[in-house]
Amino acid sequence: MANILVVDDEMGIRELLSEILSDEGHVVQTAENAQQAREARAAETPDLVLLDIWMPDTDGVTLLKEWQRDGNLTMPVIIMSGHATIDTAVEATRIGAMNFLEKPIALQKLLQAVQQGLARNQEKSRMVATPIMPSVSVTEVRTTSTVINNVQMQAPASTTGNTSLINTSLLSFDLPLREARDMFERIYFEHHLAQEGGSMTRVAEKTGLERTHLYRKLKQLGVEPVKASKKNS
């Protein structure tokens, strides 16, 4: 999960990108102009910024220059525009933008660019980290452990000891946080699919997801509803 800042003066685009990225498990903050983007950046450094070029107060390229000048361009920035010229895209890249997306943005291109940006950010963080620093903080370990314990406690008495429904022994704290979270989510959804007999409607209600979002999440995790329900029946 990453903190992503979406900066665009069009409300429809902000809402669409926020919905897509939230479905992918990210925390999304939005800004409708450069001033709101400055305030968001000052409050907390995002893991990634999606920045529109053409905005009414200050354009994205100017904001990018400001961040570079003030030493605030410490996160990957992906420039977006539906009217930018090649020269503008090249200038933004020269200043420090890592990618350029042309509107309307294709879903696959968006997700690929975000994944590349986050991967680059993680690699940069690993390079500046000292060898004695753990890859996962004590707080993250405690939080993950608490989540696992809560799932075990909330499981029905008839299935608490059934490792085929939720086998937490498969989880390893030696894994990178993203891989550990994906593994936990696979176990989580397989558990609910087994409990609900493979009913996507009931699983959607249990997990608080819309059916379309649930299908997308299962596909992303490599969980097949039919197989999951049969395996644990």
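Miscellaneous remarks
- The residue that is farthest from ALA42 (Cα to Cα), among those in the range 81-110 that are touching a Gly at 6+ places or on another chain (Cβ under 8 Å) and open to solvent by less than 80 Å² (accessible area, probe 1.4 Å), is LYS103.
- Scan of the range 7-39 for residues that are open to solvent by 40 Å² or more (accessible area, probe 1.4 Å), of a type in the set (Gly, Ala, Ser) and under 27 Å from LEU177 (Cα atoms), ordered by number: SER22
- Some residue of the range 61-79 being out of contact with any Asp or Glu (no Cβ under 9 Å at 6 or more places or on another chain), over 23 Å from SER125 (Cβ atoms) and among the hydrophobic types (A, V, I, L, M, F, W, C): yes
- Cross-chain or 6+ apart pairs with Cβ under 9 Å, the range 54-67 first and on the phi > 0 side of the Ramachandran plot, then open to solvent by 30 Å² or more (accessible area, probe 1.4 Å) and of a type outside the set (Asp, Glu): none
- Test: residue in the range 70-92 that is modelled with pLDDT of 95 or more, touching a helix residue (DSSP H, G or I) at 6+ places or on another chain (Cβ under 9 Å) and in a helix (DSSP H, G or I): no
- With respect to being touching a strand residue (DSSP E or B) at 6+ places or on another chain (Cβ under 8 Å) and open to solvent by less than 10 Å² (accessible area, probe 1.4 Å), ILE53 fits the description.
- The lone exception for ASN33 - which of (1) in contact with a Pro (Cβ under 7 Å, 6 or more places away or on another chain); (2) under 24 Å from SER125 (Cβ atoms); (3) not β-branched (Val, Ile, Thr) it fails: (2)
- Count of the range 56-66 residues which are open to solvent by 10 Å² or more (accessible area, probe 1.4 Å) and within 23 Å of the chain's Cα centre (by Cα): 0
- Every residue from the range 1-39 that is part of a loop (DSSP other than H, G, I, E, B) and within 15 Å of the chain's Cα centre (by Cα): MET1, ALA2, GLU24, GLY25, HIS26
- In the range 170-186, the residues that are under 13 Å from GLY25 (Cα atoms) and modelled with pLDDT of 70 or more reach residues that are of a type outside the set (S, T, N, Q) and open to solvent by 70 Å² or more (accessible area, probe 1.4 Å) with C-beta atoms within less than 8 angstrom, at least six apart or across chains, in these pairs: ARG181/MET1.
- Cβ pairs under 8 Å, 6+ apart, first in the range 203-221 and outside any helix (DSSP H, G or I), second modelled with pLDDT of 75 or more and of a type outside the set (Ser, Thr, Tyr): LEU209/LYS217; GLU210/ALA204
The values are calculated or read from the model by the stated rules, or taken from the named source; none is laboratory data. Just so we're clear, the structure is a prediction, and the values are computed from it rather than from any experiment. Here the Cβ is made from the backbone with ideal geometry for all residues, glycine too, and neighbour counts use every protein chain on show. These accessible areas exclude ligands, DNA and RNA; they are computed on the full protein's heavy atoms, side chains included. Shrake-Rupley method; radii C 1.70, N 1.55, O 1.52, S 1.80 Å.
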